[in-house]
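Derivation of every value follows stated rules applied to the coordinates shown; laboratory data play no part. The structure displayed is predicted, hence computed values, not measured ones. Cβ atoms come from the backbone with ideal geometry, glycine included; neighbour counts cover every protein chain shown.
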């Protein structure tokens with residue numbers, strides 16, 4: 001009788017966990033539906049960063065649709081298939097609008113607008129607290145124009161028919177500098193992710209520092225995400241001072257996409273869901289109110305530095321909306337991977 005009781009209890013607990021996860025997935029799909037409706041109505045106003053976020057979401061949704069039949073979570077599959085179809089249409093329109101509104105910037109970053117370029121993780125790693133810096137630099141330590149140039153050199157879009165995978169000393173030094181905070185960290189990570197995307201194997205060639213002789217591209221990604229975990233944890237603990245919500249979500253999006261599963265914390269998901277405007281479906285509408293509460297001087301330390309960040313006519317943030325939807329798509333893909341009954345359970 002005791003063995004039978006334990007089996008029944010195990011089945012009950014498993015069903016409870018599955019039902020709970022199903023509720024979360026239902027919520028994510030519902031929120032993505034609202035965010036997609038927003039995109040369908042605003043695609044002509046959203047900047048390239050924001051559109052890239054929806055393109056990453058599209059890649060994540062298509063991977064989720066592939067995994068779904070192998071899970072014990074069967075509802076919302078048809079809704080997700082419908083979302084991918086809607087995004088196919090809207091993304092094509094948005095890309096066309098970007099090409100017309102900012103042709104030079106479009107040409108330089110066009111490869112990032114191809115959903116097939118973004119690889120969704122199927123194997124997972126975790127960050128390492130031992131890799132966290134003792135302290136972060138006070139200010140951002142990257143130059144935006146140089147950062148853009150470095151990425152175009154990897155992409156091969158620095159000129160017409162340009163050679164890809166070019167790494168200058170200035171780029172390598174900036175993208176491997178330790179101690180950098182916030183957006184500098186996420187851009188350093190993005191640089192290595194784009195390098196992997198383009199098949200560049202020479203990013204670290206020419207490194208003369210003996211202390212870094214054994215560091216690989218993946219080792220740098222782990223260092224950056226370990227420090228993004230440190231700063232994100234501090235944001236949560238301190239109640240998201242200034243305009244740190246955007247950085248927080250960007251950290252989850254970028255490190256999740258890089259395959260670090262510990263960024264998909266359930267309580268962090270709840271923060272993201274709370275920040276979506278329930279009517280419009282976008283993110284970032286109340287960031288300006290937050291900056292007024294905390295004061296302009298404090299906000300400047302964390303303020304989004306991309307010159308093409310765009311506050312839309314309804315007060316929504318193009319960038320924050322883009323990173324939020326791709327972060328939610330990452331959560332969806334990760335939860336489905338956890339429930340893939342054809343694989344061994346994730347630890």
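For the chain, modelled as a GNM with alpha-carbon contacts under 10 angstrom, which of 76, 145, 276 fluctuates the most?
Among 76, 145, 276, the largest GNM mean-square fluctuation belongs to 145.
Neighbour counts of other C-beta atoms within 10 Å: give me 139, 320 arranged from fewest to most. Before the final figure, lay out the partial values.
Working: 139 11, 320 28.
Listed from fewest to most nearby Cβ atoms, that is 139, 320.
Looking only at 334, 220, 183, which one moves most when the chain is put into a Gaussian network model with springs between Cα atoms under 10 Å?
Result: 220 has the largest fluctuation of those listed.
Compute the normalised compactness of the range 204-273: alpha-carbon radius of gyration over 2.2 N^0.38 Å, N being the residue count.
Details: Rg = 14.6 Å, N = 70, 2.2 N^0.38 = 11.1 Å.
That ratio works out to 1.32.
Hey, if you drop one equal point scatterer on each alpha-carbon of the range 114-238 and run the Debye formula without solvent, what base-10 log of I(q)/I(0) do you get at q = 0.14, 0.16 Å⁻¹?
Debye output, listed in q order: -0.64, -0.83.
Hey, got the Cα dimensions of the range 62-153 along the principal axes, in Å, largest first?
The Cα atoms of the range 62-153 stretch 47, 46, 21 Å along their principal axes.
Find how much the distance from residue 110 to residue 208 grows on full extension, using 0.36 nm per residue of separation minus their present alpha carbon separation; answer in nm with one decimal. Don't jump to the answer; show the numbers that get you there.
Details: separation 98, 0.36 × 98 = 35.28 nm, distance 3.30 nm.
Extending this stretch completely gives an extra 32.0 nm.
Highest GNM mean-square fluctuation, the chain, Cα pairs closer than 10 Å: which of 104, 285, 149?
So, out of 104, 285, 149, the one fluctuating most is 104.
State the Kirkwood hydrodynamic radius of the range 2-338 in Å, one decimal place, computed from all pairs of distinct Cα atoms.
Details: mean 1/r = 0.0480 Å⁻¹.
One over the average 1/r among Cα pairs gives 20.8 Å for the range 2-338.
Could you work out the helix-only [θ] at 222 nm for the chain, with each DSSP H run of four or more residues adding -39,500 (n - 2.57) and the total divided by the number of residues, to the nearest 500 deg cm²/dmol? Provide the component values of the computation, followed by the final result.
Values: 13 runs with 207 residues, N = 347.
One gets -20000 deg cm²/dmol as the mean residue ellipticity at 222 nm.
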